[in-house]
1. What share of all Cα pairs of region 393-432, in percent, falls into each consecutive 10 Å distance bin?
2. How big is D for region 111-171, in µm² s⁻¹ as a whole number, if Stokes-Einstein is applied with the Kirkwood radius of its Cα pairs at 25 °C and 0.890 mPa s?
3. Helix 350-363 versus the longest principal axis of the chain: what is the Cα-based angle in degrees, 0 to 90, to the nearest 10?
4. In nm, to one decimal, how far is the modelled label at Lys152 from the one at Asp71, with both set 7 Å along Cα→Cβ?
5. Count charges around Thr167 for me, please; just the other residues with Cβ under 11 Å from its Cβ, Lys/Arg as +1, Asp/Glu as -1.
6. In percent, what relative contact order does the chain have, based on Cα pairs under 8 Å that are 6 or more apart in sequence?
7. Rank-order 210-223, 24-37 by packing density, defined as the average count of other C-beta atoms within 10 Å over each peptide's residues, highest first.
8. Excluding ligands, DNA and RNA, what is the solvent-accessible area per residue of the chain at a probe of 1.4 Å, expressed in Å²?
Amino acid sequence: MNTLIGVFLVLGVMILVHEWGHFIVARFFGVRVDVFSIGFGPRLFGFKRGATDYRISALPLGGYVRMAGQDLSEVDSNDVAPTGAPDELMSKPRWQRALISFAGPAVNLVLPILLLASFYAMKGLPYPAYLDKPLVLSGLPQTSPLAKAGIKDGDQVVSVNDVPTPTWSKVNTFLLQAAQDGIVRFRIARQGTEQTVEIKAADLRNADRALGNLPVPALVGPVERGMPASRAGLKRGDVIVAVNGTPVGSWYDFFDQIRHSNGRVLNTTVRRNGSETNIAIHPVQDKDEEGQVAWRIGVGPGGEWAFKDMAVSASVREASDETLGATVKLFGVLGRLFSGKLSVRQLRSFVGIAALAGQAVEEGPVDVINMMAMISLNLGILNLLPIPILDGGNILLLTLEGIRRRDFSLAFKERFVQVGLVFLLVFFAYVMYNDVVRLLPIHS
C-alpha cells in the first residue's frame, strides 16, 4: 500500500504536472487539445469541455495531453512538412511549438520551490532532532584543534563563548558567526571538573570534523530492497548494538564498520522490540553517487525530525537555495555518468523509483516532499536533454529548422523520433533489468 501511495504521489502527480504545463501553454497559443488524461490506458470516465476530453484513465501513473496535429503519422503529406488547420500544433510558429515543449519541464523545475516553500511555511524547516541534544563529543579525530588541546571523547561542552548549555545546532551558529580571526571559547566538563579552552575560529572551520561525530543514533531507517541489509533481515526501527563484537554507539560507528569491512561478513547485533538478535550481513562493493567505489549494505539512518518556524519569504529563499543546489548536484551526476565515472547500473527505472517512493511514504511527510521535489527536478532536467522523442529533442529539432529556415521532411522527423524511441526503450529496459535484479532474494 505504501508503494502504491508513493507511486501516485511521487510519479503520478509529477508527470501529471508536467503534462499540465504543456496543456496550459498549448491552449494559450490557441492549439486545440483533444485529450487531457489523468492516467494512461482505456478511458474510465470524464467529461468534455469545448474540444477537450478531460478523462480519468485506467492506469493512474501520471497523465498525458494529445494535441491536434501532434501525431505525424496522422498528417497527410508527400514528404513535405505541412502546416495543418489553424488550431493544430503544426500550424503554429516554431518558437511557439518550442515553448509548448519547454513548458512541461519548466513546470517541473519550478515545482520543487513551490513544494518546499509551502511545506516550510506551514510546517517549518525540518532538521534532525539530535541537533538539539547537548554537545557531548565523540569520534574526535586527532587532527581536531580540540583534540590537540587535550579534549577527549565523552567530554561535554557546557558553554560556548560564555553562552551556557549549547546544542549541536547552536554551536554551528557560533562557528558561522565568529570572525575569521576570532576566538571561540569552550567550557568543557569532564568527570565533575571543568576547564576552558580557546580555539581560533579559522582552525575550527578548516579542520575535518572539528567537533567529532554528530550524535546520529544507531537507528536503522530506510532499508533498500534487494540490498544486503534487506536480504539479511535488517528492518526499519532496529537499533544497532554491536558489529563483530565491537559496540556501536552512533551511526558513524556502524558506517565505519561497513566502509572498512573489505567485504567481510558483518555479524550485527540489533535490538528489536526489546530483545536482541544477531544478523549476518554481506556487504557489496558498488559506486556511490560521487562515482567512488565503496562497500554498501543498502541502509540509511533513522531518527526524528524537529522543525524551525519560517516566514514565507525565508521559506521561498531556503527552497530556492536547496533547488539550485540539487540542480548543480544533478548536473554533476550527469557529467559523471557521461564520463563513465558513474555506472548506468546505479540509475533507477519505474520499478526502482516505485520502491523508493514506498519507502518515502513509510518514513513520513518530510521524505515524501523531498522525494517529490527530487523527482520533479529530475523530470524537468532529463526531459530537456537533446534526445529525440524527449522535449529537449523536439526543441533541438525546431532550433535546427529555424537555423536552416525550412522544415525537415516528415520522413526525417519520423526517423528522428524512431531513433530516440529505440534508444530510450533499450536504455529503460536495461535500467529496469538492474532494478529487478536488485530486488531478487539472492545474495550478490
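The values are calculated or read from the model by the stated rules, or taken from the named source; none is laboratory data. In this text, all values refer to a predicted model and were calculated from it rather than measured experimentally. Ideal geometry is used to build each Cβ from the backbone, glycine not excepted, and the neighbour counts take in all protein chains shown. The protein model used for the area step is the full one, side chains on, heavy atoms only, and it has no ligands, DNA or RNA in it. Shrake-Rupley method; radii C 1.70, N 1.55, O 1.52, S 1.80 Å.
1. Per 10 Å bin, starting at 0, the Cα pair percentages come out as 28, 42, 22, 9, 0.
2. On the way: Rh = 14.1 Å.
Roughly 174 µm²/s, to the nearest whole number.
3. Approximately 50 degrees, to the nearest ten.
4. Taking the simple label geometry, Lys152 and Asp71 are separated by 7.7 nm.
5. Working: positive: Lys133, Lys170; negative: Asp132.
Result for the local shell: +1.
6. Values: 796 pairs, mean separation 84.8, N = 444.
In percent, rounded to a whole number, it is 19.
7. Numbers: 210-223: 20.2, 24-37: 18.4.
Ranking, from highest mean packing down: 210-223, 24-37.
8. Numbers: 23580 Å² over 444 residues.
Accessible area per residue, the chain: 53 Å².
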